[in-house]
Each structure stands twice: as structure tokens, then as C-alpha cells.
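The values are calculated or read from the model by the stated rules, or taken from the named source; none is laboratory data. Being a predicted model, the structure only gives us computed values, none of them experimental. Positions of Cβ are generated from backbone atoms using ideal geometry, with glycine treated the same way; all protein chains shown enter the neighbour counts. Calculation scope for accessible area: heavy atoms of the full protein, side chains included, ligands and nucleic acids excluded. Shrake-Rupley method; radii C 1.70, N 1.55, O 1.52, S 1.80 Å.
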Amino acid sequence: MSGHDDPIVIAGLAVEAPGGIDTLAGYWSALAGSRDLIGPFPRDRGWPIDQLMAKGGTDGWSQVRDAGGFLDGAGEFDPAFFGISPREAVAMDPQQRVALRVAWRALENAGINPASLAGDEIGCYMGASYTEYGPRGDEANEHTGYRATGAALGAVAGRISHALGLSGPSMTVDTACASSLSAVHLAASAIRNGDCDWALAGGVCVMGSLAGFFEFAKANALSTDGQCKPYSAEALGTLWGEGAGVVVLERESRALRLGHRVYGRILATRVNHNGAGAPIAVPSAEAQAELITKTVRAAGIAPALVGMIEGHGTGTAVGDPLELAALAEVYGGAGEQNDSPRLGSVKSNLGHAQAAAGMLGLIKVLLSGLHGQIAPTRHAESPTTQLDWAQSGLRLAEKLEDWSPRDGVRYAAVSSFGVAGTNAHAIIAMPVLEEENHV
């Protein structure tokens, strides 16, 4: 059976997001209701918040607001449940802890008993980036002796594989903001290549320090009003956030044989790089358009079939217009305005969750397909004037609206672009299989 006849599908998912969200139902409710999930800096992480705030507006620094998208339960963990000692758990990067429990819930969502997998050839691919958790490794302290694995970026995926006894490929992927979609790309490729029977793929971001806020405030790229406003004329910079998401990937034949729900088919994923030319952190509309074109071609569908686009949309003056140009080049010109693909970014709700951003956007798409409605993007009332929207063939998803399938299938695209120049794009097909949907 060929790959097109037996595609890779998403058969389970789980999420944690700012605003105390740790269920799919809670996530969908927040997205459908266009909720603002931004909150003040957490005061229990030992961060130099006063120092950061004092820098705002001085010596070339942009204004800093007491705002971001933070996980309420980032410090909560039950080590005994996963067979981990309390002392080791404290030394573990919180990204390992959050990823582990979200992976467990994704398996349960697929109807799989996580405790029954030991020895199975199952892959684990997790997007994550180093976030400076804990003291320096060359200082003797209570973490010493546990730091080799506790601070290792590779242990984000390795911890999941170890706790569940998975014997397939296990790797943490760091392509900055494109990490989680890159992980999906690698996991799907591994299944197609026979490297594993099926796989977990996802992304996680829990900030261990305020480094990202310091960096972007100094570069005048941090939002000065405490909001992330993708594709908006009122965008004032990006805003950092946190989150985690994990999906279960397997062949469709396996999902149907085992009675797993098929949330969506992965028609195609592709990854590329901007190459040389502009500074490394500057996006390339040409590279993005080339990537999107190749992904659509690999998916074997007409661009006009795509009804929902979950964009990268960081709310920056440089990145958003370049992304819009690339999207319009491929997905524009679809026909009447009512048929235009609806564009949005979950960053408008919860900020830029960095390595987990693409996965949070992918799960937003899957839940939109499940419910037959396109979730709105916040701050869409004043679209940027750097794109001629009438001629572009694109339209912002201003409100919650019904999503009509094409011959029983809803098609969507998801983008993630990393600050180091890596770009990732995915095309998802979501069959309409049930009259009533529940998560």
C-alpha cells in the first residue's frame, strides 16, 4: 500500500497553554471565544523582573510591560507517578516535566494505555530550545549529580522514551521557533521510512529565565503594549509565551484497525532554510514561498482547497509583511472573497510560545476541523496596510465561523519560521467523519 493510500494521520493529541489550560476542551473554548490568555510575569521563579522593567524606555530599550503567556502549572509535577525521585525531578528542566505529562495525555486521548508500551518500537520527536533553567553547571549545589540529564536538551524527548520504555528513535529538535513542526516532519518521515511503527511528536516551551524579554526589549522587537497582534496595523512587536503540545502519529490503516480517531491526515510537510544574504534573524519571503509551494505540490492538492491557514504571525514589523507576501503568492487568487482562506495565529491569544508555537497552531487547526468552525484570530479588526488584502486573496479570521468541507474534507496549512532561518510548513486534511464531535 502506498503512502498516499495509507497516509500518516494524527490519532491523539494533548495540550497545555497559558490561562490554566490543560485540556483540549478548555483550549478550544478559549480559541473559539477569542480569549486573551496573557498574564503578568510569574513571581515564583526568582526572575529579576524589577531589573527588566527598569530597563524599559531607557538607553535604547523598548518599553517592557508586565505581560506574557505563562503556564500556571509549570512548577507542578508528580515524580513518583513517572518513577522519578523528588531530588532528580527538581534538577530536571521543567520542559522535560511538562512534555512528559502532555505526552502521557496524548496517548490516553488516542485510546492507548501509556503503561503498556515498554519495548515497542515507537519514535519520540520533541521540539524544544534551551531556556537557562537552574544554576550554572560548574557550581556545586543540590542539583549536582543530576544535571547531566536534568539540563540536557536531548532529555526532553529522551525522558518520555525512558519513562514509557519506547525503543524507537528519540530526539529533541531545536530549530528555534520552527522546532515543533520540524519534529512532526521528522516523525512522519521516520514512520514512512520504517524507522518506527508509530511516533509521538510535539513541542514544549517553559522559560527558565527572562533572557528572551531582555534580548527583544534591547532589539526593540518586544511588544510595548503587552499584546501580540499578528498581521495587525497596530502590531508593536512580539510577546513571549509558553506552552506544550503532543500528537500521536501513525498510519491510517493502523488507526482504523485499532479504532483510533483520525483527527487529520498529514498530506505533506517540508522544511527549508533562508540561506545566505540578509542577517540570520531576518525572514525571507522568497524562501517561505518556495517552501510553501513545495509542500502544496507534495500534498497533491490545489492551493485553492486550503480553507484555513495558521500562520507564524509574530506581530513584528519585519516578519509579518514578508510572511503575508509569501502566503499571498501561493494561496492568493483563490476566487471570491468569501472563498478566501482564513488566516490567523494563535499567538494573538497566548503570545509566541517559541519551540512549541507550531504545535499549538497545529492543534488549533485540528480542533477547528473537529468542530467544523474556524477559530478567530484576535486583533483582526485593523489589518496591516502593508498588504493589499483585496488583491491578496487572503482574509483574516475575524470571528468564529462555520468551515464548509470540500467533498467531505477540510484542508488547512500551518507555518512556523525559526529565528535561525529554518522554515517549516504542513498541509493537513481533516475528513468529516462524525455528526457530533467531542474532545
The answer for the chain, accessible area per residue at 1.4 Å probe in Å², is 39
Modelled label-to-label distance, Ala118 and Lys294, 7 Å Cα→beta-carbon offset: nm?
4.3
Label-point gap, in nm, between Ala152 and Glu398 - each point 7 angstrom along Cα→Cβ:
5.3
If you rank Tyr133, Tyr331 by how much accessible surface each has, with a 1.4 Å probe, what is the order from largest down?
Tyr133, Tyr331
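Figure the gain on full extension for Asp78 and Leu433 (residue separation times 0.36 nm, minus the Cα-Cα span) and round it to one decimal in nm.
On the way: separation 355, 0.36 × 355 = 127.80 nm, distance 3.68 nm.
Separation in residues times 0.36 nm, less the Cα-Cα distance, equals 124.1 nm.
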Pair Thr224, Ser29: separation of 7 Å Cα→Cβ label points (nm)
3.7
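Assuming R0 = 45 Å, can you tell me the calculated FRET efficiency for the pair Ala302 and Ala54, based on Cβ-Cβ distance, to the nearest 0.05? Working shown, then result.
Values: r = 54 Å, r/R0 = 1.20.
FRET efficiency, Ala302 to Ala54: 0.25.
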What number comes out for the charge environment of Glu121, summing +1 per Lys or Arg and -1 per Asp or Glu over other residues with Cβ under 11 Å away?
-3
Is any residue of segment 80-105 close enough, with backbone N under 14 Å, to a label point placed 7 angstrom from the Cα of Ala140 along the Cα-Cβ axis, and if so, which?
none
Sparse-neighbourhood loop hits (GluC sites (Glu not before Pro), segment 301-393; DSSP loop; Cβ within 10 Å at most 14 others) -> Glu336, Glu381
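Helix by helix through the chain, keep the DSSP H runs that span 15 Å or more along the axis on Cα and average at least 1.0 on Kyte-Doolittle, and give those back in order. Please report the intermediate quantities before stating the final value.
Working: long enough: 94-109 (22 Å, -0.54); 179-192 (20 Å, 0.90); 285-299 (21 Å, 0.08); 319-331 (18 Å, 0.55); 357-371 (21 Å, 1.49).
The answer, listed by residue number, is 357-371.
Hey, which of these cross-link pairs are over 25 Å Cα-Cα: Lys229/Lys294; Lys294/Lys364; Lys229/Lys399; Lys218/Lys364; Lys55/Lys364; Lys294/Lys399? Could you put the intermediate results ahead of the total?
On the way: Lys229/Lys294 28 Å; Lys294/Lys364 23 Å; Lys229/Lys399 15 Å; Lys218/Lys364 32 Å; Lys55/Lys364 35 Å; Lys294/Lys399 30 Å.
From Lys229/Lys294; Lys294/Lys364; Lys229/Lys399; Lys218/Lys364; Lys55/Lys364; Lys294/Lys399, over 25 Å: Lys229/Lys294; Lys218/Lys364; Lys55/Lys364; Lys294/Lys399.
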In segment 329-432, what percent of the accessible surface is made up of carbon and sulfur (1.4 Å probe, ligands and nucleic acids excluded)?
38
Determine the shape class of segment 197-259: with a ≥ b ≥ c the square roots of the Cα gyration tensor eigenvalues, call it rounded for a/c under 1.5, and otherwise prolate if a/b is greater than b/c, oblate otherwise.
prolate
